[in-house]
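What follows is a single structure, written as structure tokens, with notes after it.
The values are calculated or read from the model by the stated rules, or taken from the named source; none is laboratory data. None of these values were measured; they are calculated from a predicted model. All Cβ positions, glycine included, derive from the backbone under ideal geometry; neighbour counts span all protein chains shown. SASA here: full protein model, heavy atoms, side chains in, ligands and nucleic acids out. Shrake-Rupley method; radii C 1.70, N 1.55, O 1.52, S 1.80 Å.
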Amino acid sequence: MELGSIDMSSFMTDFLKKCGGFAVVDGGFATELERHGANLNDPLWSAKCLVTSPHLVRRVHLDYLDAGANIILTASYQATIQGFEAKGLSTEEAEGLLRKSVEIACEARQIYYDRCTKDSCDHIENGGTSRRPVLVAASVGSYGAYLADGSEYSGDYGDAVTVETLKDFHRRRLQILAQSGADLIAFETIPNKMEAKAYAELLEEEGINIPAWFSFTCKDGVNVVSGDSILECASIADSCKQVVAVGINCTAPRFIHGLILSVRKVTSKPVIIYPNSGETYDAVLKQWVESTGVRDEDFVSYIGKWLDAGASLFGGCCRTTPDTIKAISRVLSNKNTTLKV
Ligand SMILES: [Zn+2]
């Protein structure tokens, strides 16, 4: 199969080299929209802002770029054609909003570059200065995120849902996002093995010619939220040629170290991690609550340990903010400097 001009095998390693060894991913997107006043109590969640307040979406991307992100994720996590249609939009309008999520992120990157001065944005590379590399990743949330019934964090879709159901659900959105100008696709918060398989098959069958990452949401140090083993899930990602990074997101920081070691057992692809704050989402209350008994400290202090365990891309998920990302950037730029000496 012709995959166009992008060399999937070196895409991420080349990018990491340009970043100085490690890359910074952005933080909680919906969290930051809410901090700016958006009301996301809606089945579309953060994707609602693509309709109601695109300026806020751009603003949040800029907040994360200012905080040091090398990769920004689009507002398409919960943007689905089916979800928009349920709100009375036409298929064309729904598809337009998917494209718009990528356009806004690309626009934010351009604004960021345009207003960069040497002092604030450039980094030193081989004795000269160069622009900080930034990629736009088109976010794809799970079928459970669309259902908005809590299955996003249980991975339990019932017996009637098969790999084929999931492929049919995701197919058109994936085709559109792959042709939208995004640099890669971020399959995020994958809750079970079946959805990973569906994504891998779709990438192959649709001949998707931009890279992707697979990121799983886990309930402990060895299993994704459905109970499927992270080893099996990460192996599916490993065997897919378009997949350029494999990892974990929206998972409590305390499980991340063990999970990185597990992922590394089954793949040599770069490992990405962007944990949440350690709180748990209560699907009935529709809010984040502190986990009983265990408290995660500010996880930025764990980054060094996660680096040693072999991860190379770091960011934050729900309930993290630009301050988290600033702190991560600081830790990583120290590491990058150390590496270059
Ligand atoms: Zn999250």
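Below are the figures for this structure:
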read-out	value
√(5λ) per eigenvalue of the Cα gyration tensor, the range 1-106, largest first, Å	28, 20, 10
Descending semi-axes in whole angstrom, ellipsoid equivalent of the range 95-246, from the Cα gyration tensor	32, 18, 15
Cβ charges +1 (Lys, Arg) and -1 (Asp, Glu), total dipole of the range 11-340, debye	1020 debye
Relative contact order of the range 11-340, pairs being alpha-carbon contacts under 8 Å that are 6 or more residues apart, as %	20 percent
Listed residue (31, 71, 236) projecting farthest to the positive dipole end of the chain, Cβ model	71
Selection from 136, 20, 213, by position along the positive dipole direction of the chain (Cβ)	20
Contour minus Cα-Cα distance for residue 36 and residue 156 (0.36 nm per residue)	39.9 nm
The chain: antiparallel DSSP beta bridges as a percent of all, rounded to 5	25 percent
Centre separation in Å (Cα based) which lies between the range 39-84 and the range 134-190	15 Å
Surface share of carbon and sulfur [accessible, 1.4 angstrom probe, percent] for the chain	48 percent
When each of 305/335; 193/305; 167/219; 100/286 is checked by Cα-Cα distance, pairs over 18 Å	193/305; 167/219; 100/286
The chain - mean residue ellipticity at 222 nm from DSSP helices (-39,500 (n - 2.57) per run, n ≥ 4, rounded to 500)	-14000 deg cm²/dmol
Overall Cα dimensions of the range 11-340 - principal axes, largest extent first, Å	57, 41, 39
Farthest toward positive dipole pole in the range 167-322 [+1 Lys/Arg, -1 Asp/Glu at C-beta], among 287, 225, 276	225
Residue-span extension gain [residue 206 to residue 239] - 0.36 nm each, minus C-alpha spacing	10.2 nm
Radius ratio Rg over Rh of the range 48-89, counting only Cα atoms, Kirkwood formula for Rh	1.08
Only Lys, Arg (+1) and Asp, Glu (-1) charged, at Cβ; the range 47-99 dipole about Cα centre in debye	120 debye
Förster radius 35 Å - calculated FRET efficiency between residue 305 and residue 284 (Cβ-Cβ, nearest 0.05)	0.55
Percent of beta bridges antiparallel (DSSP, the range 95-239, rounded to nearest 5)	40 percent
Accessible area expressed per residue, the range 11-340, with surrounding protein chains retained (probe 1.4 Å, Å²)	40 Å²
10 Å Cβ shell holding at most 11 others, DSSP loop, GluC sites (Glu not before Pro): longest site-free stretch of the chain	3-296
